[in-house]
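The values are calculated or read from the model by the stated rules, or taken from the named source; none is laboratory data. Just so it is clear, the structure is predicted and the values come from calculations on it, not from any experiment. Don't worry about glycine lacking a Cβ; one is built from the backbone with ideal geometry, like all the others, and counts go over all protein chains shown. Just so you know, the surface numbers come from the protein's heavy atoms only, side chains and all, with ligands and any DNA or RNA stripped out. Shrake-Rupley method; radii C 1.70, N 1.55, O 1.52, S 1.80 Å.
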Amino acid sequence: MPTDSEAIDLGNGTKYTRVVWGDNNEWVGINEWHLTPAGELCGGWIPFAGTSYPAGQPTWDVISRAPLTLSPSLLCRSCQHHGFIREGRWVPA
Ligand SMILES: [Zn+2]
């Protein structure tokens with residue numbers, strides 16, 4: 001099973017945890033965390049493209065791992081929280 005690391009702050013009320021998988025602890029994606037407009041914890045699984053983890057679709061392209069930049073934007077299906085992870089920061093869309 002994939003395992004989460006400690007949360008990393010992206011700013012603007014958004015954090016992520018690295019998700020690694022397999023014997024080599026391959027970094028296969030993140031769980032992204034934010035608050036809903038009502039202040040409840042919400043989040044989603046963001047699998048990276050091109051890893052050995054069978055994530056299915058969609059996946060996100062890793063433009064840079066350090067600082068983290070992903071493409072395209074992240075849109076929460078639950079609360080519509082929407083933005084970009086660019087250079088280790090959350091940029092609201
Ligand atoms: Zn949400």
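Points to keep in mind about this one:
- For the pair ALA38 and GLU26 in one chain, pulling the backbone fully straight at 0.36 nm per residue adds 0.8 nm over the alpha carbon distance.
- Annotation: average projected area of the chain is 5.9 square nanometres, based on the convex hull of Cα atoms across all directions.
- Antiparallel beta bridges, as assigned by DSSP with both residues in the chain, represent about 95 percent of the total such bridges.
- Dipole magnitude for the chain: computed about the Cα centre from +1 point charges on Lys and Arg Cβ and -1 point charges on Asp and Glu Cβ, it is near 240 debye.
- Ranking PRO92, GLY43, VAL20 by Cα position along the charge dipole of the chain, where only Lys, Arg, Asp and Glu carry charges on their C-beta atoms, puts PRO92 farthest toward the positive end.
- At R0 = 25 Å, FRET efficiency that the Cβ-Cβ distance of ASP9 and PHE84 yields, to 0.05: 0.95
- Solvent-accessible surface of the chain, taken per residue with a 1.4 Å probe and all protein chains present: 61 Å².
- Whole-percent carbon and sulfur share, accessible surface of the chain, 1.4 Å: 50 percent
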